[in-house]
Structures are given as C-alpha cells and as structure tokens.
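Undergrad: So that we are looking at the same thing, I have put the structure below in structure tokens.
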Amino acid sequence: MSQFFNAQGLRLAFETRGSGEPLLLIHGYPLTRVIWHPLLASLKGVQAILPDVRGFGESEGAAPGFGMEELAADVNALLDHLQIERAFLAGHSMGGYIALAFARRYPQRVKGLALIASQAAADPPERRAARLETAERIAREGVTFVAESMSQALTPDESLRRLLFTLIARQHPQALIAALHAMAQRPDSLAVLQSGEFPLLLVHGQADSLIPLTRAQEIRAAVPRARLIELPGVGHMPMMEAPQRTAQALQAWIYGDESQNG
C-alpha cells in the first residue's frame, strides 16, 4: 500500500513491508519500487522500505538539474519521516549511486550498504556522452525506445523482459532525462566504501551486460571487508531473476551469517 512523504517540495511515494531491522531498497533506472516485490516474501526479520525515486512510479518529479546528493537527501527525508535514525541501504544500479551519495553525506545513518548490480566508479567520458545523447533523444521521441532497448539489456529472461518493457514505458520522459543527467555527473565513490566501517555487500549477476561483474570484483579487491555474491546466469536484475538467493544474501549481510558468503 502506497504511503507518501514530502521532501524538498516534492510528494514522494513509498511502501513498507514487514518488521525488524530497517532495510531501505532503492530501485534503479528507469524502474520503480515494484522490482523489489519478488524477494519480499523471503526477507524475514526486516522492515523493508521501498521508495519510488523522484519522478518515477508514484513520486512527483522535478526538472533536470539535481544530482545524486539531492536524491540522497530525499532518502534522508524518508528516514526522518519514519523516525528511523540508522538503516541498512541496498541500491540497485542507479539506486546504488544514490546509496553511495547517502553514505558520503550521511555516514552516521548507515548501518550497512549493499550494491545490487551497481558500481562505485564514475562514468568515463564516452559513457557520460552516451547518457546525455539518450536524454536528448527521449526529449524528442519519448520513452518507448528506452523501454525496448533496456528491457532486452536488463535480463535474459524473456518473461521478465515483457514485464520490464511495460514498467519502463509507463515512466515519464522528464524522469528519465533528469536521472540520466544525474548519473552522468556523479563522482567516483570508491573512497566512500574504503573509508566507511559499515558492512558492505555486493550482489552481482555473472551475466550482467549493463554493469559487468568485473566492477564488483574491483570493489571487492579494493575493499577487503566487502562480501561479494556472484549469481550464475543472472543478468542486471538479481532481485527479479534470483529473488530467493538475493534475499538470502541480504539476510546474511544484515545478520552476519558468514555461511552465505560467496
């Protein structure tokens, strides 16, 4: 059931499921909080908090010009709204960039951080240029071409591709444009992970064609305390392609079960 809170003049949507340790699950681009639904049944002893990033799903949007810091401030406002002092954060793809920005700006509120099919590196110049070109094309043509290409790239699972196409096609063009600009300007965040003392989890599909597994392996090599879970045959959507295994990894990370390490 949707709930709403105000952040920086915007009415943003979220939902909560379960009770226990607070776990904030931040979706990626160009998706919504519903991507997390498949794994919720397998999460026990957790208060799952699922926001729609500004502009996506049921959340109000804003014109381009904000960055990851503003999106992190939205998360901070949600924790204030729920009167939660500290939480575990798990971010998928772009949601990982938001979680990293949150850890940079509000380190005292981070109990643990998980990157799900995400990375710490900033965009190289060619990737940044490609994002901005895509934003310009969306302004001209709308989101259908993004739904077509992204649904194919996100997962090798054909049934999930159809669901993801429908989900992406419903999003507002301005939300995608704003998010692309925010991702293009994000800084490298490896130092945030190296300097932090919070538990760090990396969950990555071995068949991820959007963010290669090597990005997670590079973080693992640079941050010895990181726990890396590699999922064979899984693409960019672990929470939908392997929901039980992803939930188990999150559970072990939160409760310190080393037997789940991989």
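Undergrad: Limiting things to C-alpha atoms, what are the Rg and the maximum Cα-Cα separation (Dmax) for the range 156-262, in angstroms?
TA: 15.8, 44
Undergrad: Follow-up question, since we're still on this one. Using unit Cβ charges (K, R positive; D, E negative) and no other charged atoms, how large, in debye to the nearest 20, is the dipole of the chain about its Cα centre?
TA: Details: 24 positive and 26 negative charges, 31 e Å.
Dipole of the chain, to the nearest 20 debye: 140 debye.
Undergrad: Let me ask something additional. Of the DSSP beta bridges with both residues in the chain, give the percent that are antiparallel, rounding to the nearest 5. Can you show the working numbers first?
TA: Numbers: 9 of 32 bridges.
Once the DSSP bridges in the chain are tallied, antiparallel ones form about 30 percent.
Undergrad: Can you divide the C-alpha Rg of the range 57-165 by 2.2 N^0.38 Å and report the result to two decimal places?
TA: Numbers: Rg = 16.1 Å, N = 109, 2.2 N^0.38 = 13.1 Å.
For the range 57-165, the normalised Cα radius of gyration comes out at 1.23.
Undergrad: Rounded to the nearest 20 Debye, what is the dipole magnitude of the range 167-262 about its Cα centre when Lys and Arg each give +1 and Asp and Glu each give -1 at the C-beta? Intermediate values should be presented prior to the final figure.
TA: Values: 7 positive and 8 negative charges, 41 e Å.
My answer is approximately 200 debye.
Undergrad: Once every DSSP H run of n ≥ 4 in the chain is given -39500 (n - 2.57) and the sum is divided by its residues, what mean residue ellipticity at 222 nm do you get, rounded to the nearest 500 deg cm²/dmol? Mind showing how you got there, number by number?
TA: Values: 11 runs with 116 residues, N = 262.
Using -39500 (n - 2.57) per qualifying helix, the result is -13000 deg cm²/dmol.
Undergrad: Just the projected area, averaged over all directions, of the convex hull on the alpha carbon atoms of the range 1-122: how many nm²?
TA: Numbers: hull surface 28.0 nm².
One quarter of the hull surface, i.e. the mean projection, equals 7.0 nm².
Undergrad: Still on this structure, I have one more. Averaged over every viewing direction, what's the projected area of the C-alpha convex hull for the range 205-262? Give it in nm², one decimal, please.
TA: Numbers: hull surface 15.3 nm².
Seen from a random direction, the Cα hull of the range 205-262 projects 3.8 nm² on average.
Undergrad: Rg to Rh for the range 51-115: what is it, with Cα atoms only and Rh by Kirkwood?
TA: 0.94
Undergrad: Where is the GNM fluctuation largest for the chain (alpha-carbon springs, 10 angstrom cutoff): Leu82, Leu190, Leu12?
TA: Leu82
Undergrad: May I have the extent of the alpha carbons of the chain along their three principal axes, as whole Å values ordered from largest to smallest?
TA: So the three principal-axis extents are 50, 39, 34 Å.
Undergrad: Hey, another quick one. Going by how many other Cβ atoms sit within 10 Å of their own, how do Val234, Val192 line up, fewest first? If you can, show how the numbers build up before the last one.
TA: Working: Val234 25, Val192 21.
Lowest count first: Val192, Val234.
Any read-out appearing in this document is the output of simple, stated calculations on the displayed coordinates, not a laboratory observation. The structure presented is a predicted model; accordingly, all values stated were derived computationally and were not measured. Here the Cβ is made from the backbone with ideal geometry for all residues, glycine too, and neighbour counts use every protein chain on show.
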